[in-house]
Amino acid sequence: MVTTKDKSDTKRLPMMPIRDVVIFPFMMTPFVVGRESSVRALEEALAGDRKIFLATQHDATIDEPRPDEIYNVGTIANIVQNLKLPDGNIKVLVEGVERGKTVSVSEDEGFFRAVVRTTAFRVDQGNQLETLVGRVTNLFEQYVKLSQNLNYETMIAAIRVDDPGKLADTVGANLQLTIEEKQELLEIFDPIDRLTRVAELLDIEIEKLNVDRTIQGRVKRQMERAQKEYYLNEKIKAIQKELGRGEKSEFDELKKRIETAGMTKDGLEKAMAELKRLEGMPPMSAESTVSRNYLDWLLAVPWKKKTKEIRDLKYAREVLESDHYGLEKIKERILEFLAVRRLVQNPKGSILCFVGAPGVGKTSLGMSIAKATGRKFVRMSLGGVRDEAEIRGHRRTYIGALPGQVIQMMKKAGTKNPIFMLDEIDKMSMDFRGDPSAALLEVLDPEQNFMFVDHYLDVEYDLSQVFFIATANVLHTIPAALQDRMEVIRLSGYTEVEKLEIAKRFLVPKQMKDTGVAADSIEFTHEGLQSLVQSYTREAGVRNLEREIGNVCRKVARKIVDAQSTGTEAPPELDNSEVEEELAPAPEEKTRKSKKPAKKEEAVSLISIDKIVVDAPKVTELLGPQRFRDLELEKSNDIGATTGLAWTEVGGSILTTEAAVMEGRGKMTTTGKLGDVMQESAHAAMSYIRSRAQYLGLPKDFYRHLDIHVHVPEGAIPKDGPSAGITIATSISSALTGIAVRGDIAMTGEITVRGRVLPIGGLKEKLLAAHRHGIMEVILPKDNEKDLADIPENIRKEMKLHFVESMDAVLKLALVRDIVALTVAPATAADLAARSTEENVTH
């Protein structure tokens, strides 16, 4: 079996790169031409002898491949048919003629033109060739029988050829090979080598098809077994039905539970219809599982079961007092709600919203209300919820569908009138899956929630007897429509006195219990707790205070353990249970009782240690240096620096505003990441100062030759709001006049261009912040005087509050000396800036 080269020839043809297909000689292939360069190459071939060179590109994702990105072996083909499509593409039918290899490729007139060398081989006939051809033919027949994609008669007729090269190409073109494998086959010019490679590929493909057939047979047998089981189950059901027992009883039990569940008329009808469908379903089918789960959820939700409500106001007050210190106004509001519920026979569910800084007791108040009323308590966290289905559930058409969290929590409560807490309602968001806050509108509307419809249950459910309590840190992130459905109750921060009492009554005992420290091992003094409050925490609530108390208790616990390990050593195997056993001997061990006292004394000695008194020095020893300095040491009188008060989401805080004056061209700069409203307040303050230049002892045109810089420290934190208006005006006035601002006074208020002082919000939080920082004198707008009713009495007594209506009054109170005493105005802007600098250096 010998092959010899017959002749070689070189042709220059238009070249078209093709994607995801390898065209073999003697192969008819249709495809669509769309690329501009390919269309031009096709038109060039059609204009000539209709011959074109087709070569596959390496990467099918490249739209305009370079010559080095195209295989150099391809097929010369005749264009049999071509049809121009409406979208501008051309559909062609080509027939492969012979394989060729590119000698060179050039780009001519927007398409590739290739010089292609073809090589013809002559094959000598012989027994070996006949054997190889017969083997390939037999293997291909086996392949066609196993494959379901090829027509047997057509394929067998196609391979009845005498030319071994044509046989190899025909078989290779019809095998399920990768592009790389087909290209490898195309690049074999020798017919005998190509036929040998085809035989090897056929062996591999037949083996794959045999494995596939084995797997398919196994799957078919499993399906037949499942059908057999289904048939037998149906026969068993029929026999049991004839006997009047068996599975029928389960459906009877379900029917009885549905009838006694107390569902609404609509719910009862749907449950009965679903039960009837379930009876006709195969028990092993997926549909029966879905149907049974639906019935289970309908029966699990409380339809008529209620908790008997405790309406004793005296008991409720005792519970609230024992669980919470302070918050008198909040407790009164809660007792008022309970009083109304006592007078009304069938009251609608109440909807409250507790708004306050973290750690002020919003969640624990809800738990106390549940305890005071004797109701069940369930809590649903809404922080980060952005899917409407979390509220209303998924429809049953989805795989793995479940009811929403509202229905799930009602199932957990087990009664239709629980205390339902919607925690962190201000932390919800929305995305393409829906807006959960919009879904809550129905839940929290007393006029609608008696017929709440969950997507999964798809029946009306009564939520009107549920006592909803929402909690939030801020209100501005809650949609207005949702706010309108709730009774908002604000929880302000605690005073220092309240924090000390809370620590003594609740936090210290709780942390001692959690850390295992006995009462005779540690004692917190008043000074120690006061040091924790003043020097280690700065917050509106008590969460960080509890954390620091726990930190102290843990350090004391370690000291106790260290003292035990350095004192009397306990046996390694002795644990608490053994100590308890030996301290309390069983009756049957009376004969060994004489030995117990010694062991009892030994056990007691293991836990005895001198009591640790946690006073102020001890707190510093345990927790390290103070984290917050006493601001009384910093209350110096400075030019251009004013202490303001601000409201934040975690309570009030103090905010220093600084102003500096320098020679310039009348430019005003504001820094410290100030918002638009705060920058507008700065401009309003500047307009007031310009209008009062003569009163302030300033040249009328002072602003033309000076630059003013207003800065609010902690520049990484965004700040906004109008309440810093009088603070900014005071700082600028101080910098311009050279008169220092009192360091022991703080202020808050909005300013107008005429110098009027307008009211602000968050008064209680701001005064508590000033009190926490040791500032006992505050300037406030006159219109906020009515809000003093919300301020704790001890704060009002300890602090000196000035209520003003104009900016002139603010300056008289805030500056260290009267402006009227300044009779001679500076002659120039340079003198003004110099005087400000000199005054600042003096102070």
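The values are calculated or read from the model by the stated rules, or taken from the named source; none is laboratory data. Just so it is clear, the structure is predicted and the values come from calculations on it, not from any experiment. Because the Cβ atoms are built from the backbone with ideal geometry, glycine has one as well, and the counts that use them run over all protein chains shown. Just so you know, the surface numbers come from the protein's heavy atoms only, side chains and all, with ligands and any DNA or RNA stripped out. Shrake-Rupley method; radii C 1.70, N 1.55, O 1.52, S 1.80 Å.
Some values worked out for this structure:
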{"item": "Breaking point among (1) at pLDDT below 90; (2) crowded, with 18+ Cβ neighbours inside 10 Å; (3) under 30 Å from Arg341 (Cα atoms), for Glu447", "result": "(2)"}
{"item": "Qualifying residue in the range 567-583 (condition: in a helix (DSSP H, G or I), modelled with pLDDT of 50 or more and within 48 Å of the chain's Cα centre (by Cα))", "result": "no"}
{"item": "Positions within the range 14-31 being in a strand (DSSP E or B), at pLDDT below 90 and not aromatic (Phe, Trp, Tyr), in sequence order", "result": "Met28, Thr29"}
{"item": "Flag for Ile215 being surrounded by 12 or more Cβ atoms within 10 Å (Cβ to Cβ) and either modelled with pLDDT of 80 or more or among the hydroxyl-bearing types (Ser, Thr, Tyr) (or both)", "result": "no"}
{"item": "Matching residues in the range 90-135 - criterion: being touching a residue at least 40 places away in the same chain (Cβ under 8 Å) and in a loop (DSSP other than H, G, I, E, B)", "result": "Glu109, Gly110, Asp124, Gly126"}
{"item": "Considering residues of the range 619-653 that are under 17 Å from Gly721 (Cα atoms) and open to solvent by 60 Å² or more (accessible area, probe 1.4 Å) only, the residue modelled with the lowest pLDDT", "result": "Val650"}
{"item": "Test: residue in the range 421-437 that is of a type in the set (Lys, Arg) and either touching a Leu at 6+ places or on another chain (Cβ under 9 Å) or buried (at least 19 other Cβ atoms within 10 Å of the Cβ) (or both)", "result": "yes"}
{"item": "Residue, nearest to the chain's Cα centre (by Cα), within the range 653-674, restricted to residues that are in a loop (DSSP other than H, G, I, E, B) and closer than 27 Å to Arg538 by Cα", "result": "Lys673"}
{"item": "Residue match in the range 536-558 (condition: within 29 Å of Phe337 (Cα to Cα) and among the charged types (D, E, K, R))", "result": "yes"}
{"item": "Single residue of Arg392, Arg375 found to be within 30 Å of Asp458 (Cβ to Cβ), open to solvent by less than 20 Å² (accessible area, probe 1.4 Å) and of a type in the set (D, E, K, R)", "result": "Arg375"}
{"item": "Given (1) buried (at least 16 other Cβ atoms within 10 Å of the Cβ); (2) over 48 Å from the mean Cα position of the chain (by Cα), number of the condition Val80 does not satisfy", "result": "(1)"}
{"item": "Any chance Thr56 is on the phi < 0 side of the Ramachandran plot, of a type in the set (Ser, Thr, Tyr) and open to solvent by 50 Å² or more (accessible area, probe 1.4 Å)", "result": "no"}
{"item": "Residue among Leu482, Leu457, Leu441 that is under 29 Å from Lys308 (Cα atoms) and either among the polar types (S, T, N, Q) or buried (at least 19 other Cβ atoms within 10 Å of the Cβ) (or both)", "result": "Leu457"}
{"item": "Residue, farthest from Glu498 (Cα to Cα), within the range 313-332, restricted to residues that are surrounded by 15 or more Cβ atoms within 10 Å (Cβ to Cβ) and among the charged types (D, E, K, R)", "result": "Arg317"}
{"item": "Flag for Thr75 being at pLDDT 90 or above and crowded, with 16+ Cβ neighbours inside 10 Å", "result": "yes"}
{"item": "Every pair of residues 6+ apart whose Cβ atoms lie under 9 Å, when the first sits in the range 357-376 and is more than 20 Å from Asn473 (Cβ to Cβ) while the second is among the aliphatic types (A, V, I, L, M) and part of a loop (DSSP other than H, G, I, E, B)", "result": "Ala372/Ile310; Thr373/Ile310; Gly374/Ile310; Arg375/Ile310"}
{"item": "Lone qualifier among Glu64, Glu69 - being in contact with a His (Cβ under 9 Å, 6 or more places away or on another chain) and among the charged types (D, E, K, R)", "result": "Glu69"}
{"item": "Which numbered condition Leu343 misses (of (1) surrounded by 18 or more Cβ atoms within 10 Å (Cβ to Cβ); (2) free of Cβ contacts under 8 Å to residues at least 24 places away in the same chain; (3) hydrophobic (A, V, I, L, M, F, W, C))", "result": "(1)"}
{"item": "Residue count, the range 701-732 (criterion: assigned to a loop (DSSP other than H, G, I, E, B), closer than 22 Å to Thr648 by Cβ, touching a helix residue (DSSP H, G or I) at 6+ places or on another chain (Cβ under 8 Å) and not small (Gly, Ala, Ser))", "result": "2"}
{"item": "Residue ID - least open to solvent (accessible area, probe 1.4 Å), chosen from residues in the range 520-542 that are part of a loop (DSSP other than H, G, I, E, B) and under 13 Å from Val613 (Cβ atoms)", "result": "Ser521"}
{"item": "Residue list for the range 682-741, restricted to those being open to solvent by 40 Å² or more (accessible area, probe 1.4 Å) and of a type in the set (Lys, Arg)", "result": "Arg690, Arg692, Lys700, Arg704"}
{"item": "Residue identified as open to solvent by 50 Å² or more (accessible area, probe 1.4 Å) and either among the aliphatic types (A, V, I, L, M) or part of a helix (DSSP H, G or I) (or both) among Asp87, Asp68", "result": "Asp68"}
{"item": "Tabulated pairs, the range 654-678, first on the phi > 0 side of the Ramachandran plot and buried (at least 18 other Cβ atoms within 10 Å of the Cβ), second at pLDDT below 90 and small (Gly, Ala, Ser), C-beta under 7 angstrom, 6+ apart or interchain", "result": "Gly672/Gly715"}
{"item": "Index of the failed condition, Lys305 passing every other in (1) open to solvent by less than 60 Å² (accessible area, probe 1.4 Å); (2) touching a residue at least 24 places away in the same chain (Cβ under 8 Å)", "result": "(1)"}
{"item": "Residue identified as basic (Lys, Arg), touching a Pro at 6+ places or on another chain (Cβ under 7 Å) and at pLDDT below 85 among Arg333, Arg341, Arg311", "result": "Arg341"}
{"item": "Unmet requirement for Asn78, which otherwise passes all of (1) in contact with an Asp or Glu (Cβ under 6 Å, 6 or more places away or on another chain); (2) more than 18 Å from Arg117 (Cα to Cα); (3) in contact (Cβ under 8 Å) with a residue 24 or more places away in the chain; (4) not hydrophobic (A, V, I, L, M, F, W, C)", "result": "(2)"}
{"item": "Residues satisfying the stated conditions in the range 767-794, i.e. within 22 Å of Tyr536 (Cβ to Cβ) and among the β-branched types (Val, Ile, Thr)", "result": "Ile775"}
{"item": "In the range 23-35, the residues that are over 12 Å from Ala77 (Cα atoms) and either polar (S, T, N, Q) or in contact with a helix residue (DSSP H, G or I) (Cβ under 6 Å, 6 or more places away or on another chain) (or both)", "result": "Val33"}
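For (1) closer than 18 Å to Pro25 by Cα; (2) polar (S, T, N, Q); (3) open to solvent by less than 20 Å² (accessible area, probe 1.4 Å), each residue gets a yes or a no:
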| position | (1), (2), (3) |
| --- | --- |
| Val123 | yes, no, no |
| Gln128 | no, yes, no |
| Leu132 | no, no, no |
| Arg135 | no, no, no |
| Val144 | no, no, yes |
| Asn149 | no, yes, no |
| Val161 | yes, no, no |
